[in-house]
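Worksheet for the structure shown next.
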Amino acid sequence: MLPEPLRRVVQMFARLPGVGEKTAQRFALQLMSDESLASELSRELAALVQNVRPCERCGNIAEVDATGAAVCGICSDPRRDGRLLCVVARVQDLIAIERCGVMRGRYFVLGKLLSPLDGIGPDELPLPALDAKLRADGVEEVILATPPSVDGEATALLLGRELAHRGIRVSRIASGVPHGGDLEFADQITLGRAIEGRRNVDSVG
Ligand code: ZN
């Protein structure tokens with residue numbers, strides 16, 4: 001029923017999280033009726049793809065600078081305590097923890113979790129990049145803030161062992177985040193307490 005170009009745009013919107021077919025159609029039709037919004041959006045999206053990349057040090061979102069390097073604001077902020085590193089699964093989790101305002105160190109975004117069922121083993125995790133971050137910042141303590149799911153716990157266990165062997169103090173965020181829950185959706189107070197009440201996992205390894 002819809003012209004082909006419009007149908008393609010609707011299908012793209014429908015691929016976004018939380019957007020169903022109807023909402024996708026509403027977005028597309030709205031853009032058709034607002035030409036300036038449509039061209040602005042297409043310009044901004046092109047600029048986004050061109051100028052924003054994962055931070056080469058931590059995996060957070062970073063803007064590409066004049067030299068072509070992409071280092072995020074947290075990694076380049078000298079007021080951050082490089083000795084404290086918080087390991088998260090996704091950028092959304094980093095953003096949620098930042099919102100609590102209790103983290104004075106830096107982050108490392110794994111991008112994925114151990115998941116034997118999906119064929120994701122230790123070799124698929126970005127461990128060499130994590131290692132580079134640990135050395136570059138002289139990290140002394142790592143907070144494992146992977147989600148309290150089966151995959152998140154398995155990943156924390158693996159990392160906890162590796163790091164403890166290297167003499168790095170390791171802690172896991174405290175309970176308060178519901179099991180199987182998403183860090184992104186935990187309220188700020190709960191998540192803030194979980195970070196502050198982290199417990200040592202040296203004994204696990
Ligand atoms: Zn960074």
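Here, each number is a calculation from the coordinates, and none is a lab measurement. Nothing here was measured: the structure is a model prediction, and the numbers come from that model. Note that we place each Cβ from the backbone using ideal geometry, even for glycine, and neighbour counts take in every protein chain shown.
Worth pointing out:
- Per residue, the chain reaches -13500 deg cm²/dmol at 222 nm when only DSSP H runs of four or more residues are counted, each adding -39500 (n - 2.57).
- Listed residues Leu130, Leu85, Leu16, most fluctuating in the chain (Gaussian network, C-alpha, under 10 Å): Leu16
- When the charge dipole of region 43-113 is built from unit charges on Cβ atoms (+1 for Lys and Arg, -1 for Asp and Glu) and taken about the Cα centre, the candidate among Val109, Gly73, Leu84 whose Cα reaches farthest toward its positive end is Leu84.
- Relative pair counts by distance (%), Cα atoms of the chain, 5 Å bins: 1, 7, 13, 16, 16, 14, 11, 9, 7, 4, 2, 1, 0
- GluC sites (Glu not before Pro) restricted to region 114-177 and DSSP loop, no more than 15 other C-beta within 10 Å: Glu140
- Given the chain, longest segment not containing exposed loop trypsin sites (Lys or Arg not before Pro) (DSSP; at most 14 other Cβ within 10 Å): 16-78
- GNM flexibility winner over the chain from Val109, Val88, Val52 (Cα, springs under 10 Å): Val52
- At 0.692 mPa s and 37 °C, Stokes D of region 46-145 from Kirkwood alpha-carbon radius, µm² per second: 231
- You can think of it this way: the chain between Ser149 and Ile120 has 8.9 nm of extra reach, that is 0.36 nm per residue less the Cα-Cα gap.
- Available extension along the chain between Arg79 and Leu41 is 10.2 nm, counting 0.36 nm per residue and deducting the alpha carbon span.
- Relative contact order %, the chain, counting alpha carbon pairs below 8 Å whose residues are six or more apart: 15
- Net charge of the neighbourhood of Leu114, taken over other residues with C-beta under 10 Å away and scored Lys/Arg +1, Asp/Glu -1, is -3.
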